[in-house]
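Only one structure is covered here, and it is reproduced in the block below.
Every number here is computed from the coordinates shown, using simple stated rules; none is lab data. Everything numeric here is computed off the predicted structure, so don't read it as measured data. Every residue, glycine as well, gets a Cβ built from its backbone with ideal geometry; the counts of neighbours run over all protein chains shown.
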Amino acid sequence: MILGLSTNAFTLLHVVLSLIGIITGFVFLFSLIANKFLTHFAWIFLGSTTLTSLTGFAYPNTHITPGIFIGILSMVVLVPAFLALYAFHLTRGWRLTFIITAVLADYFNVFVLFVQLFKHVPFLIGLNAAQSKTATNIINPVVLLFFLWLILVIADKFKSHSI
């Protein structure tokens, strides 16, 4: 039992929150490229991503796991994202701070998604084993480059929107 839920139910909640964060994150980030600010998607993205990290911390562990480390990194980037958006309203340098931290928060969710897929999906487990982890060694840098590209594009396109 974790927080009153069976481990399976809690895991389902954690996964659903993560998927909501990833999907709304992509919708929100790509809306910024179109110089639109979808306020509700921002709120859902940041909230579900925060809850994903917090629920990840609730799993019983005796040591810091890679998942906990990613959760900590996610929380580290979410704090300035919330501050940039809700306290500083994307003024001056806070706009770029928000873009970088929001994209990184979504990247951490997607990174964990790929790790979990290669850990639990039989085809991907076999592919990874057959290639001596080549698949994850190729996919992880490609995903990172995609999100770095997103930071650059959003920073260029989302220049003058006020919320």
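Annotations
- Computed about the Cα centre, the dipole magnitude for the chain is approximately 240 debye when only Lys and Arg (+1) and Asp and Glu (-1) carry charge, each at its Cβ.
- Structure-based [θ]222 nm, the chain - -39500 (n - 2.57) summed over DSSP H runs of at least 4, per residue, nearest 500: -26000 deg cm²/dmol
- Residue-span extension gain [residue 59 to residue 37] - 0.36 nm each, minus C-alpha spacing: 4.5 nm
- In plain terms, the chain from residue 149 to residue 115 could stretch by 10.1 nm, reckoned as 0.36 nm per residue minus the Cα-Cα distance.
- Order by protection proxy (mean Cβ within 10 Å, highest first), peptides 78-86, 146-154, 55-63: 78-86, 146-154, 55-63
- Pairwise FRET efficiency - residue 16 versus residue 156, Cβ, R0 = 35 Å, nearest 0.05: 0.55
- Scaling the Cα radius of gyration of the chain by the globular reference 2.2 N^0.38 Å produces a ratio of 1.10.
- Positive contributions from Lys and Arg (+1) and negative ones from Asp and Glu (-1), summed over other residues with Cβ under 15 Å from the Cβ of residue 70, come out at 0.
- Neighbour-count order for 6, 74, fewest beta carbons within 10 angstrom listed first: 6, 74
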